[in-house]
Amino acid sequence: MDLISIGDKVRFLNDVGGGTVVKILPKNQIVVRDDNDFEYPIPAAEVVVVEKTKENSKQQFKEIANNIVENIKENFKDNIKKVEGTIIPKPKIEIKKDQKTEYMFAFIRNYDDKFDGFDCYLVNDSNYFVFYHIVLRGENGFEKIDTETLEPNTKILVGQLTRDQINNSKEIIIQSILYDNPHCTYHEMLERRIKITPIKFFQEHTFVDNDFFDEKAYIFELLKEDLGLGNSIKTQKEFEEQIARKDEAEEDNSHRYQKRKQPETIEVDLHINKLIDSVIGLSNAEILNIQLQTFHKTMTDAIMNKAEKVVLIHGIGNGTLKNAIRESLEKQYKLPYEDASFREYGFGATMVIMR
């Protein structure tokens with residue numbers, strides 16, 4: 001496969017369309033901007049270069065050279081690594097004096113004009129090295145997120161999941177081998193399955209202050225071992241029970257406080273002429289995509305603001321937008337809906353009942 005550079009024009013392998021590479025990300029990820037100026041993070045392996053950029057700036061050359069050097073560093077596993085004539089010693093590993101083990105998976109909200117989703121981290125607060133393999137299970141099968149080795153007492157960004165991936169996925173599966181703890185020579189292999197409940201990812205109380213990130217995070221404790229102190233999480237059953245207790249505690253605590261005044265209804269008009277100034281040059285698929293993006297943003301705002309109802313004005317038309325919205329409400333958000341008031345909206349609106 002050709003080395004991908006900023007400015008290359010690429011075509012998607014598993015989807016229709018393509019665009020121009022505007023950013024190179026870690027973990028062999030790239031950002032592609034399409035003809036409508038939408039930007040998508042995507043694995044480099046899922047695109048093919050159809051036109052190389054004519055630019056050959058020093059900055060691009062430097063980025064390519066740095067990528068090559070980093071790949072060389074990753075592929076060498078000796079005690080020392082020789083890169084471009086320089087001897088680079090292996091970094092000193094931090095070892096804790098205690099034998100406590102906490103191994104966690106964390107989500108951090110990442111939302112701006114270019115990306116809407118979550119950064120995914122593994123946190124290894126232990127003296128073990130961890131070799132991990134992470135996959136995402138969706139309706140159409142499995143998708144690899146990352147495979148790597150995590151050093152003791154470190155954290156690592158393993159990937160990013162978009163809002164659509166969260167809405168369309170069933171679970172995250174994390175397989176881990178723990179080894180080389182100076183106080184222990186063997187540990188059973190771990191497999192943890194994190195069930196994805198989309199609505200929880202857009203509730204403010206799900207994300208909490210913690211010792212590992214400056215931002216609030218949605219954290220799952222995959223393994224916890226306090227030798228001699230109990231309170232351990234060592235099996236998948238204990239992991240699921242811990243999540244259930246956490247959910248129950250959150251539900252109980254919600255009744256201890258006086259409810260804030262909540263917006264009763266959020267209303268949005270999804271007619272395309274209400275969303276953009278002109279549709280000249282846009283295909284039907286591109287218009288539908290703009291309308292669905294507004295729909296998803298509205299649902300996120302409704303969840304975050306604890307709205308009671310959402311009215312989606314989609315019109316009658318040929319029913320494509322209406323069907324897409326209702327399918328998403330059933331499969332992704334799992335929320336009940338009904339036809340909105342005929343007196344106020346006619347036949348062209350859907351009202352969502354927020355739980």
Show the residues, 5+ positions off or on another chain, whose built amide H is closer than 5 Å to the amide H of ILE145. ILE134, VAL135, LEU136
Which whole-Hz ³J(HN,Hα) couplings does the range 195-206 yield from phi under the Karplus relation 6.51 cos²θ - 1.76 cosθ + 1.60, θ = phi - 60°, glycine and proline marked x? 6, 8, 10, x, 4, 5, 6, 10, 10, 4, 5, 5
How large is the Kirkwood hydrodynamic radius of the range 101-253, counting all unique pairs of alpha carbons, in Å? 16.2
Go from 0 up to the bin containing the longest alpha carbon distance in the range 265-353, width 5 Å each, and give me the % of pairs per bin. 3, 13, 27, 27, 18, 9, 3, 0
For a protection proxy built on the mean count of beta-carbon atoms within 10 angstrom, sort 197-203, 209-215 highest first, please. 197-203, 209-215
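Read-outs throughout are calculated quantities, based only on the coordinates presented, and are distinct from any laboratory measurement. These numbers were taken from a predicted model, which means no experiment stands behind them. Don't worry about glycine lacking a Cβ; one is built from the backbone with ideal geometry, like all the others, and counts go over all protein chains shown.
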